[in-house]
Amino acid sequence: MSLIIFLFLYLFGVGLSYKNVLIVIISAIVALLILGILLSLFIVPSDGTFTGLFGNVALIEIKGEILSTSTFNATNAFDVVDAIDRADKDVTVSAILLEINSPGGSVVATRQIVEKIRETKKPVVAWISDIGTSGAYYVASACDLVIADEHSITGSIGAVSIVWNFSEMLEKLGIKVDVLKEGKYKGMASIFTELTPEERKIIEGMLKQVYEGFKGDILKFRGGKINKTRFEQVADGRLLTGKQALDYGLIDELGSREYAIKRAGELAGLKKPNIKRYTTEPTLQNLLFNAGYSFGQGMKSALSNQFFTIR
């Protein structure tokens, strides 16, 4: 704040010299670094007391189809990965809440998010609102806790490949298409030709690999929370309500968004969690503060291991 005030005065000709403004900027940077160090060494935010500074639950939204690129009404998986990474490194954040309203997406895109969740050090909670199916449920299953509204739609565990075939329509219209290729299966699944039995078998083999990997990961992520036999009964692509998903062990609890925020806070030991939305790039202020905090944490760890414990 002091930096902003001094820059304002300088810009409007109050009389501060360039040298004085530079001193103010350097002082502000040093102050942020020192503040981060002091807070990391002497303050342990375990109950949400430091409202707005500590005790935050990072809220990250996953809406629409999950893709590897940015399009209208879709979620870019790499943006989510970046947000989770920043939240995990943010010293003011104690837990992460993924608000999911998505029908799923591409296999590769969803896996990027899943892998980032699994390596995250802080508790990650998923809340399924209207819909969290297929790849979106895959993302949710990777979290420490999965909560859904009882009337939400989830499940749809499976893999699908849609192959369009316009050959008969083109023939009726008198349109002929010549496809030149090298390689027996090059051009496979073309819209101009019908799949051969061999081509169909290849695609089915690919789908089976994805499907078995999907199911295997869910069983691994859910651990002892899910019964394999009962899981196989519903891992056939069917849709489930939140209540049905709870009965089969696909989710952990039923509840509202506010309840999910509360539970995320509880996992991090927070009595009154605050929401911190992650939708923008990190600011210079946060980077400087986090740098100071990390330095202080390093000092604290070194002193604790070699000399004494700072609590």
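Can you name every residue in the stretch 161-192 that is open to solvent by less than 70 Å² (accessible area, probe 1.4 Å), out of contact with any Leu (no Cβ under 8 Å at 6 or more places or on another chain) and touching a residue at least 12 places away in the same chain (Cβ under 8 Å)? The answer is SER167, LEU170, ILE191.
Would you confirm, using the coordinates I've provided, whether ILE157 is outside any helix (DSSP H, G or I), open to solvent by less than 80 Å² (accessible area, probe 1.4 Å), within 30 Å of LEU267 (Cβ to Cβ) and among the aliphatic types (A, V, I, L, M)? Criteria met by ILE157.
Under 11 Å from the mean Cα position of the chain (by Cα) and either of a type in the set (A, V, I, L, M) or open to solvent by less than 20 Å² (accessible area, probe 1.4 Å) (or both): does that describe ILE131? Considered against the rule, which asks whether it is under 11 Å from the mean Cα position of the chain (by Cα) and either of a type in the set (A, V, I, L, M) or open to solvent by less than 20 Å² (accessible area, probe 1.4 Å) (or both), ILE131 comes out as no.
Can you report the number of residues in the stretch 151-174 which are among the β-branched types (Val, Ile, Thr) and modelled with pLDDT of 85 or more?
Looking only at that region, the number is 3.
Residue-level check: of (1) touching a Ser or Thr at 6+ places or on another chain (Cβ under 8 Å); (2) modelled with pLDDT under 95, ASN101 misses just (2).
For the stretch 220-250, the tally of residues that are of a type in the set (Asp, Glu) and touching a Leu at 6+ places or on another chain (Cβ under 8 Å) stands at 0.
The helices (runs of 4 or more DSSP H) located wholly in the stretch 216-311 that include 3 or more residues which are at pLDDT 90 or above and under 24 Å from the mean Cα position of the chain (by Cα) occupy 242-247, 257-267.
Selection of the stretch 185-206 for residues being more than 36 Å from the chain's Cα centre (by Cα) and assigned to a helix (DSSP H, G or I) yields PRO197, GLU198. Screening ALA87 on (1) modelled with pLDDT of 95 or more; (2) buried (at least 20 other Cβ atoms within 10 Å of the Cβ) shows it passes everything except condition (1). In the stretch 106-156, what residues are of a type in the set (A, V, I, L, M, F, W, C) and either touching a Gly at 6+ places or on another chain (Cβ under 6 Å) or under 14 Å from GLN244 (Cα atoms) (or both)? Hits for the stretch 106-156 are ILE128, ILE131, ALA136, ALA140, VAL146, ILE147, ALA148, ILE153.
The values are calculated or read from the model by the stated rules, or taken from the named source; none is laboratory data. What you see is a predicted model, and the numbers here were worked out from it, not measured in a lab. So basically every Cβ, Gly included, is an ideal-geometry build from the backbone, and we count neighbours across all protein chains shown. The accessibility values were calculated without ligands, DNA or RNA, using every heavy atom of the protein model including side chains. Shrake-Rupley method; radii C 1.70, N 1.55, O 1.52, S 1.80 Å.
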